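To start, the structure under review is shown below, and the notes come after it.
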Amino acid sequence: MSDLSRLILDRIRDVPDYPQPGVLFKDITPLLADPEALSAVIDELAGLHQVDKIVGIEARGFILAAPAAYRAGAGFVPVRKKGKLPAETLEASYDLEYGSAIIEVHRDAFAPGERVLIVDDVLATGGTARAAVELVRRAGADVVAIAVLMELAFLNGRERLDGVEVHSLVIV
Ligand code: AMP
């Protein structure tokens, strides 16, 4: 295991039965609070691919994607829960590990053919990432890859993302 993977594993806290019984929640706040871990993670995300935009998925994806975009010299684009973006949007619905939801992106968020990296904290069932891929593509951009801090392999999310490169800094 790489030093970075070990550092991430060390700094992600398991919270049982949050937000509902049976879910083992992966809390990234200890990692975010550690300057060494935070900068190592952001540098890693920023160096994965040469892209025009980095998309963050609300809400924890924002915390990672915005500094990674800054570091990479790329733009940041938010994918938000329905009803939060003010201008004209595209929307996609999807199933979660716990519940279902609709996410949106601004229709004019990308120039045609722009290269995009999608970032989130945890890849679980893959429903959110898949919906984000669909949105970015419908908005006219090219999804280069998805990057997450942690992939929950037992939920097989990667299988729902066929054809898209997935970078997981840690797989559990
Ligand atoms: P999924 O669509 O099932 O891949 O779920 C991914 C989204 O839900 C991500 O935005 C995660 O932040 C969140 N999520 C799902 N399961 C967990 C978990 N066990 N711990 C932390 N976040 C999770």
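Quick notes on this structure:
- One residue stands out in segment 93-112 among those that are near the ligand (Cβ under 9 Å from one of its atoms) and aliphatic (A, V, I, L, M): the one that is surrounded by the fewest Cβ atoms within 10 Å (Cβ to Cβ), namely 96.
- Selection from segment 31-67 of residues that are open to solvent by less than 20 Å² (accessible area, probe 1.4 Å) and touching an Asp or Glu at 6+ places or on another chain (Cβ under 6 Å): 57, 61
- One residue stands out in segment 68-79 among those that are in contact (Cβ under 8 Å) with a residue 24 or more places away in the chain and surrounded by 18 or more Cβ atoms within 10 Å (Cβ to Cβ): the one that is nearest to the ligand (Cβ to nearest atom), namely 79.
- When segment 139-155 is filtered for residues that are in a loop (DSSP other than H, G, I, E, B) and either among the aliphatic types (A, V, I, L, M) or within 16 Å of the chain's Cα centre (by Cα) (or both), the ones remaining, listed by number, are 139, 141, 152.
- Beta carbons closer than 8 Å, at least 6 apart along the sequence or on distinct chains, pair a first residue in segment 151-172 that is open to solvent by 80 Å² or more (accessible area, probe 1.4 Å) with a second that is part of a strand (DSSP E or B) and not β-branched (Val, Ile, Thr) for 158/123; 158/151; 165/145; 171/150; 171/151.
- When residue 28 is tested against the conditions (1) within 16 Å of the ligand (Cβ to nearest atom); (2) open to solvent by 60 Å² or more (accessible area, probe 1.4 Å); (3) of a type outside the set (S, T, N, Q), the lone failure is (2).
- Extreme residue, most open to solvent (accessible area, probe 1.4 Å), among residues of segment 113-137 that are more than 16 Å from the ligand (Cβ to nearest atom) and within 14 Å of residue 55 (Cα to Cα): 137
- First in segment 40-67 and over 19 Å from residue 110 (Cα atoms), second anywhere and part of a helix (DSSP H, G or I) and basic (Lys, Arg), Cβ under 7 Å, 6 or more apart: 42/71; 43/71
The values are calculated or read from the model by the stated rules, or taken from the named source; none is laboratory data. Fair warning: this is a prediction, and the values are worked out from it, not measured in the lab. Reconstructed Cβ throughout: ideal geometry from the backbone, glycine too, with neighbour counts over all protein chains shown. Side chains included, ligands, DNA and RNA excluded: accessible areas come from the protein's heavy atoms. Shrake-Rupley method; radii C 1.70, N 1.55, O 1.52, S 1.80 Å.
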